[in-house]
Structures are given as structure tokens and as C-alpha cells.
Amino acid sequence: MNKLKSCLFGISLLVTPLLFTSSVKADDIIPEERIEINSTNYKDVDLYNYMLTLDTNKNNVLTKDELKGHYGWVKANNKCFIIAPNGLPRIGYYQATKFNYYFDKNGVMQTGLIKHNKKYIYFSPVTGRQMYNKWYLNKDTKDWYYIDENGYVITSKWIKYKEDLYYLNSTGKMVTGWNKIGNYNYYFSKSTGKLFMNKWLHLDNEWYYVDNNGRMKTGWLYWKNKWYYLVSSGKMKVGWLKYKDNWYYLNADGDMAVNTWVDDTHYMNSEGVWDQNAKKTPSGYHRLNVKNIMQKPTLPNGCEVTSLDIVLQYMGFSISKENLSDNFLPKGPIGSTSPYAAFVGNPRYSSGWYCYSPVIVKCANSYFNSICANYEAVDLSGSSVNDLFLELEAGRPVIVWATLSMGSPRTTSDWVVNGKHYTRFTNLHCLVLTGYDKKNNIVYIADPLRGNVTYNLSTFESRYKSLFSQAVVIKEKQK
């Protein structure tokens, strides 16, 4: 016995007789009662070989025979072992004191997740005991596992725990977030791992829906008496959708528009399909409260850019007609410039002529781009007067081309640009349509030369058509 006290592993021992007496068995000593063997020379080598070959001094080496009958728990350098009666360390899966433990090929007790017989087993990081029927959190990886009644980590399987569903992947880890299981995508709480079912999910500024089985929904969804559409990625669709040769519109909240007008020009029927033959009929009266701006004296021939400024001021933008004319309006020399490409001449001079709708669209959009505004000018040329009235009902005043005081159009000689002939109008005028009254057959006009005035509706329609039915409105850009 004296030799045992001085020579085990060739190391000075602090071992009580409890460990190495034949009356005490390993099964009687639980991990919390392990006996320490303090050593500064301990190395991670095969324990049995280490016992026998620590050094060449035969007097300081224990033999297998000497260790027979002396066994139990040993802890050295924070590693735990069980020495068997034959003097060898326990290896593999082993039961002691009614608890199961696992030892590697060197006899070191293992903790955490161990693969044994093609299955995962979890051993407590504190006691080393195999765990049963409980959740386990790996504090290093922050991953959760569930151990079944047989002590095995559940893998590739659904479990129900306290009325909630969870899924454990092929390594036993509880999944979180989006996961594809079989043919379906599921979403699990990132904090608890529970499966979400039968609800909308707002993730990364996008909306998704999971059904009663927790499966991510795609395609059409009928929810609370409204239709929604989820694209292939599961995201809720908003805006226009083409589906089987039909057009649908999904509102900002995702619900399908039905029995209503979209953008005041597209009618969505009771099935949510755009009825391309439907025409919106304006009411008998509508008028916007638009403040007029006079073009003179600074812009004697600047009715177009002044009309644009009238509309911009109405919409809350702060810019002068002079600024628009000098810095944003395209201009070109008289006699060699198309009125569709630029203003012919300069609106600041009495010698200047005019421009048509595409030029005002360019001018407005150039201004919007300079201030990063989410608005745009839209050319509605070719629209009927009723279409213009619908723009008014949508709250948008309309820039229109007609004649001075709605007089008969007067023309003079043509001019030619790149082989194309343009007839010069001597009484062309640009104005802002602000309202109409069908009962009294009048239109309300903000006239840059005369102020807020009214004109005969029928006459206005005739003059509007004689100037090629040109019209421009300002709209907020579609997102």
C-alpha cells in the first residue's frame, strides 16, 4: 500500500484509502465525490500505457497486477476516469451508481453531445451523467437539444412540448427562423424555437403567411373576407399582378382591389380583374382651389412654364416661374427648334414663341430630379375632356394647351426642322384647368394672362382639340 501511495503514475498522490481498497467499488462513488490526484506532469496520453511507461525507473512504475483490486473514480488535471478492477480505465458507454457515463479511448469522461451507435447522446457538462426527457442548452453554441426517455438526442423529428411544436435537425439542434422540412418552408421563433402557425409574420419589412400546419403560403390566400397574393418566396405582393392573362391590383395592405378604380384610370371588377373596357364617368361638378400666377412682366411669352409653376405651387413646391424657365426649361433657337423638343426662343423675351407638352414634362422632371422628389410629370396628350375631369376629381389640376381667350386658332407660315413642317400658331396659349360645371357648361381656368376665369365648356373642348389635345399632370411616383 505504501508503494501505491507514492508511485501511481510516477506522481506524488493525494489519495485516501477510500479509492484503493477492495471494499469500495466504483459504483459507490459518484462524480461529486471524485478523489483528486494533483499533478503538474500529467499529459494527455493513453491512460493505461501511461501507467506502465511513465519513465524507465522500474521502481516507480505500477504494473497491471499491482492495480488489481484497486479501482474507482480518479480526477487528474480536470479530467475524470474510472479505473476498473483489472487496472484499466473504463472506455465507452458505462453505468456507475445507476447513472450512465461515456469515456473516450483514453478513458477520459466525456460531456456534451456524443455519437454512439449512430445515435447522439447528451451527457451533463457538470456531472457527466446521461440526461433524459429534458431540454438542454449548449452554453457555448447557444443551441438547444431535446433528450428522449431513452437518453438519446432526438434528431430529424418533430416534437410537441407544452402545446407547441418544435423541430430537431439531423444533429439534434432545435431549429429557428426559416427552415425547409420535406417539401415545405416553416418559420420557427428565433427566441423560443416554437413553430408559428396560422398567422401573418412581419420579417425584414416583408409580410409572410403560415397556414394551420405552419407551412409558408404561396399563391392566393383568402383571409378575413379578402384576397391576398404571396409570391414564390412567400412575400406578400403589393401593386400590379399579372396572373393567368389577367391584371389584378393589390393595395398597400396587400388586399386585392375589387369594385373600385385604381389610379383613377383602371377599374377593378368584382373578381378583382382590371376591366379594360370600363370608362369612369366624371360627376357634374368639381373645382379645385388653385391660386393663379401671372406670367408678366418677367416672362412675356412664358405661359407654359408659368402654368407649370401654378400646379407646383398648388402641390406645395416652392420654386419660381423664373427659376423654372432659366434653369430647367429646354430652349432652342427660333426657326431650327421643334416645339416638341424645346421652347422655341426664350420666354423672357417678347420675341419668344412656345413649346408643347413633352418640353414641360422634361422641365418638371428635371426639377423633381434636382430635389429628389418622389413625383413626376405625366403627358396625358390625346386624353378626352372627360378624362381631364377625372384628373380634377383625383385632386390634380391639368396643364392644357388652347388659345388666347378661347378664340379661334390663328396660324402663320410653317417652319421646317429636320424635314418636318411645323405650323406656327399666333394665339397659342397654355393654361391650367382647375374645375368644371357640366350643368352650366363651363370650365374653371387659371389663366397666366387673365387670372382665375371661366370659359364655355364646349368652346374649351374645341380649342383643346385644335391644339392636339395636349395635357400634363403631376403625380406621385408609384412605389
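The values are calculated or read from the model by the stated rules, or taken from the named source; none is laboratory data. All figures in this text were calculated on a predicted structure; none of them were measured in a lab. For neighbour counting, all protein chains shown are included, and Cβ atoms are generated from backbone atoms with ideal geometry for every residue, glycine included. In case anyone asks, the SASA skips ligands and DNA or RNA and just uses the protein heavy atoms, side chains included. Shrake-Rupley method; radii C 1.70, N 1.55, O 1.52, S 1.80 Å.
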Suppose we filter ASN346, ASN374 for residues that are over 24 Å from TYR464 (Cβ atoms) and within 42 Å of the chain's Cα centre (by Cα); which single one remains? ASN374
Only one residue in GLY254, GLY272, GLY239 is out of contact with any helix residue (DSSP H, G or I) (no Cβ under 8 Å at 6 or more places or on another chain) and touching a residue at least 60 places away in the same chain (Cβ under 8 Å). Which one? GLY239
Find the strands (runs of 3 or more DSSP E) located wholly in the stretch 393-457 whose residues include 3 or more that are under 30 Å from ASP263 (Cβ atoms) and open to solvent by 10 Å² or more (accessible area, probe 1.4 Å), and list them. 451-456
Scope the stretch 173-218; condition among the acidic types (Asp, Glu) and at positive phi; matching residues: ASP204
Of all the residues that make up the stretch 150-183, how many are among the polar types (S, T, N, Q), more than 17 Å from LEU113 (Cβ to Cβ) and surrounded by 14 or more Cβ atoms within 10 Å (Cβ to Cβ)? 2
When you look at LYS235, is it out of contact with any strand residue (DSSP E or B) (no Cβ under 8 Å at 6 or more places or on another chain) and not aromatic (Phe, Trp, Tyr), yes or no? no
For the stretch 237-275, give me each residue that is surrounded by 12 or more Cβ atoms within 10 Å (Cβ to Cβ), of a type in the set (A, V, I, L, M, F, W, C) and in a loop (DSSP other than H, G, I, E, B). VAL238, ALA257, VAL258
So THR412 ticks every box in (1) farther than 19 Å from ASN301 by Cα; (2) at pLDDT below 95 but one. Which box is left unticked? (1)
Within the group TYR166, TYR146, TYR102, TYR93, which residue is part of a strand (DSSP E or B) and either touching a helix residue (DSSP H, G or I) at 6+ places or on another chain (Cβ under 8 Å) or at pLDDT below 90 (or both)? TYR93
Restricting to the stretch 115-131, count the residues that are open to solvent by 70 Å² or more (accessible area, probe 1.4 Å) and within 43 Å of the chain's Cα centre (by Cα). 5
Expected output for the stretch 171-199 (first residue touching a residue at least 40 places away in the same chain (Cβ under 8 Å) and closer than 18 Å to ILE159 by Cβ, partner in a loop (DSSP other than H, G, I, E, B) and not charged (D, E, K, R), Cβ below 6 Å, 6+ apart or cross-chain) is GLY172/THR155; GLY193/THR176
From the list ASN212, ASN225, ASN185, exactly one residue is under 30 Å from TYR120 (Cα atoms) and of a type outside the set (Lys, Arg). Which is it? ASN185
Return yes when SER338 is of a type in the set (Ser, Thr, Tyr) and open to solvent by 40 Å² or more (accessible area, probe 1.4 Å) and no when it is not. no
